[in-house]
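Reading through the structure tokens given below for one structure.
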Amino acid sequence: IYPQTKDGWITFTLWILLGVFGGHRYYCRAYVTAILQTLTLGGFGFWWMFDLFMLERLVRRRGIKF
């Protein structure tokens, strides 16, 4: 669906550095959930931690490879 111009390791790095603000979701072009995550500060931290386990699925669904 999306051209392969993004890197899964950058997504993971963004999750670490800007995950509470949804930085990794903006990078993966998941804008609606990224905005929600920004407004709730990562779902008060819970959503941010949940994304640790769901990050690979988000990346693969968007056609990004590690």
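Structure notes:
- Cβ-defined net charge surrounding residue 29, 13 Å radius [Lys, Arg +1; Asp, Glu -1]: +4
- Our coupling estimate for the stretch 8-23, obtained by passing each phi through the Karplus curve with A = 6.51, B = -1.76, C = 1.60 and θ = phi - 60°, is x, 5, 5, 4, 5, 5, 5, 4, 5, 7, 10, x, 5, 9, x, x Hz, Gly and Pro reported as x.
- Per residue solvent-accessible surface (Å²) - the chain, probe of 1.4 Å: 67
- Cut-off 14 Å between beta-carbons: net charge of the residues surrounding residue 55, Lys and Arg +1, Asp and Glu -1: +4
- Approximate spin-label separation residue 17-residue 32, in nm, with each point projected 7 Å along Cα-to-Cβ: 2.9
- Under 14 Å, Cβ to Cβ, from residue 17 - net charge with Lys/Arg +1 and Asp/Glu -1: 0
- Portion, in percent, of the accessible area of the chain that falls on carbon or sulfur, probe 1.4 Å: 73
The values are calculated or read from the model by the stated rules, or taken from the named source; none is laboratory data. Source: prediction; values computed, not measured. Every residue, glycine as well, gets a Cβ built from its backbone with ideal geometry; the counts of neighbours run over all protein chains shown. The protein model used for the area step is the full one, side chains on, heavy atoms only, and it has no ligands, DNA or RNA in it. Shrake-Rupley method; radii C 1.70, N 1.55, O 1.52, S 1.80 Å.
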